[in-house]
Amino acid sequence: MYQPISNILQANEHLTLILNNGFEERAARGAQVVSTLGLRPRQVVLLKYQGKEHNRNHAVVSQIGRSIVGTPSRYHEIEARDLTALDAILGTLDPDTDRVVCDITGLSRYLMLRILSQTHNKRLKLSLIYTEAKEYYPRKTDFLPLLKLRDVSEAFEKLTEYEEAHIVYSSNCDVEEIPELPGRIFPNHPVILFAFLAFKRSRLSCILNQFETNARILIESVPVRQDLKWRQKAIEIINFDLIEENKNNLVQLTTFDWKKTSDLLAEMYYKDDIGFRYNVLLGPLGSKMQTVGAWHFAIQHPDIKVITSTPLQHFPGKYSIGYADTHLVPMDSIYALRQEGLIVEQAII
């Protein structure tokens, strides 16, 4: 499922490498690693985020992109949200001879879901690059006073003090639907939401405020790395009220295994015929790998409507710091499912 990043050199296809200049330090790490390995992709696409907080990584990633592709005409720089331009580039690729390699580390979940869907709908082979953070935000030192409290409800009450100081660094959010994953809404069916609890609690709150649901199943993330185990209690503190309201409909899921995410969502969908009795909304607000798994589930179930939310305001001083391992994540299992007729392309409505 996960491979050493050096395995990217073993690809038999022509590679189109999609990079971005997200503002965290680790967003540039994938480009640095593949450059050090000596990768020479056929072309490079840089999805450029605007704003001064992105300038540093833009300088790094654009220089690497130009140097590893060699031919200037095969280096493309487009606005991060200009997915029409990206779709046109993907449209020039041959499913038999080309592979898209997308670094998802610095991408928003909205862009991740759309780019993965665009690539899939063009029947292109796909691999992902993902770099872990050395320390994720909110950091343990910031949250330690709350973690020491035995009563989660007391910790939740005190959380507002930290939110005012932007310890949880998002504020208002845009709720966004994924055009490639529109689902099918039947007017005579009730609505159920499958949603991941988030450290930025306003992201889930915005979805709950915008969509009226008859039932919910919430998914709590369980960290894999030992140094991150404390984050499970932290997310329970941040989402205490939501958990209390839905404690009979709460499931736990590892953060780092996209296949387990896909399998869990399928299990939830088929249990008690939920997928046939409800209109299902899916809000993948968890980790990047959980988001990949949610996408993998959604493309196999075209009746699922996928929605996400993106903070309108970021506080660049409050984000994950450093970088840890960089992984290669081939998504080749999709092609076996496609050949078996279990996945069909979804048109944008």
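Bear in mind that the values in this text are calculations on the coordinates, not laboratory data. Here the structure is a predicted model, which is why all the values come from computation and not from measurement. When we count neighbours, we look across all protein chains shown, and the Cβ atoms used for this are built from the backbone with ideal geometry, even at glycine.
Remark: the chain carries a charge dipole of roughly 780 debye about the Cα centre, counting +1 on each Lys and Arg Cβ and -1 on each Asp and Glu Cβ. Listed from fewest to most Cβ neighbours within 10 Å, the set Ser287, Ser320 follows the order Ser320, Ser287.
Of the labelled figures (i) 0.96; (ii) 1.14; (iii) 1.44, only one reflects Rg/Rh (Cα atoms, Kirkwood Rh) as derived from the coordinates, namely (i). Taking square-rooted eigenvalues a ≥ b ≥ c of the alpha carbon gyration tensor, is segment 209-262 rounded, prolate or oblate, where a/c under 1.5 means rounded and, failing that, a/b exceeding b/c means prolate? Oblate shape, in that a/c is at least 1.5 and b/c is the bigger or equal ratio. Taking every alpha-carbon pair under 8 Å whose residues sit at least 6 apart, segment 140-311 reaches a relative contact order of 33 percent.
From the alpha carbon centroid of segment 260-310 to that of segment 189-232 is 12 Å. Of the residues His54, Ile78, Leu90, the one whose Cα sits farthest towards the positive end of the charge dipole of segment 37-100 is His54 (charges of +1 on Lys and Arg Cβ, -1 on Asp and Glu Cβ, taken about the Cα centre). With contacts taken as Cα pairs under 8 Å and at least 6 residues apart, the chain reaches a relative contact order of 24 percent.
By the beta-carbon count within 10 Å of each Cβ, the least crowded to most crowded order of Phe186, Phe211, fewest first, is Phe186, Phe211. For the chain, which cysteines have no second Cys with its Cβ under 4.7 Å from theirs? Unpaired cysteines in the chain: Cys102.
Considering only beta bridges that DSSP places wholly inside the chain, some 25 percent are antiparallel. Applied to segment 140-149, the Karplus parametrisation 6.51 cos²θ - 1.76 cosθ + 1.60 on θ = phi - 60° returns per-residue 3J(HN,Hα) values of 4, 4, 6, 9, 3, x, 6, 5, 6, 7 Hz, with x for Gly and Pro.
Values of log10 I(q)/I(0) for segment 140-311 across q = 0.09 Å⁻¹ run -0.31, by the Debye formula with one identical scatterer at each alpha carbon and no solvent.
Sites listed here are trypsin sites (Lys or Arg not before Pro) in segment 179-268 whose DSSP assignment is loop and whose Cβ has at most 16 other Cβ atoms within 10 Å: Arg184, Arg225, Lys229.
Taking the DSSP beta bridges with both ends in segment 140-311, the antiparallel portion is around 25 percent.
In the chain the longest region clear of GluC sites (Glu not before Pro) that are loop-assigned by DSSP and have at most 14 other C-beta atoms within 10 Å covers 1-211.
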